[in-house]
Amino acid sequence: MVLSQLSYFSRPSAGTTMSDVEDILRVARERNLESCLTGFLLYRHDCFVQVLEGSREAVSRLFCKISEDPRHRDLTIIGCKQIDRRAFTDWSMGFLSLRDASRQSLLRYSTTSEPELVQLDHDSLVQLTLELAEAPGLQPV
């Protein structure tokens, strides 16, 4: 099977709450297991950044659903490429709120003095996400 890895950035719609994000995660984890998708979601009050992995068809189908989800706006693909192996093998959908992330980790990948995720290229975003996924206390889900 040919594997694809896609990363995107979006802004949460006005009124999106942490409860909405928890609903997104619950559904994503169930459906990703069924579709053999893996990935990791980063969330901050003003953005979602996600890496998805799986078959090209499954990744494309899920991205289409995300693009139709009213909780997302300004959806932008950061990158998409074919991969030999998954980076997030153990994660049906990992998650980290960026308020819990190390500012130093975020700044290491930023081109400005502020951690602006929208400026990252695909490979940098994957590396940052992998680094954040190893944060103490995070367990694969």
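Every number here is computed from the coordinates shown, using simple stated rules; none is lab data. All values derive from a computational prediction rather than experimental measurement. A quick note on method: Cβ atoms are made from the backbone with ideal geometry, for glycine too, and the neighbour counts reach across all protein chains shown.
Of all DSSP bridge pairs formed entirely within the stretch 3-133, close to 85 percent run antiparallel.
Given a Förster radius of 22 Å and the C-beta distance between Glu57 and Arg85 as r, what FRET efficiency does 1/(1 + (r/R0)^6) yield to the nearest 0.05?
Efficiency computed from Cβ-Cβ geometry: 0.75.
When restricted to Cα atoms, the stretch 3-133 yields an Rg and a Dmax of 13.7, 41 Å, respectively. Taking each residue as 0.36 nm, the span from Gln127 to Val2 lengthens on full extension beyond its C-alpha to C-alpha distance by 42.9 nm. With each label modelled as a point 7 angstrom along the Cα→C-beta vector, the Cys36-Lys65 pair spans 1.7 nm. 3J(HN,Hα) along the stretch 8-24: 8, 10, 8, 10, x, 5, 3, x, 5, 10, 4, 4, 4, 5, 5, 5, 4 Hz, from the Karplus curve 6.51 cos²θ - 1.76 cosθ + 1.60 with θ = phi - 60°, whole Hz, x for Gly and Pro.
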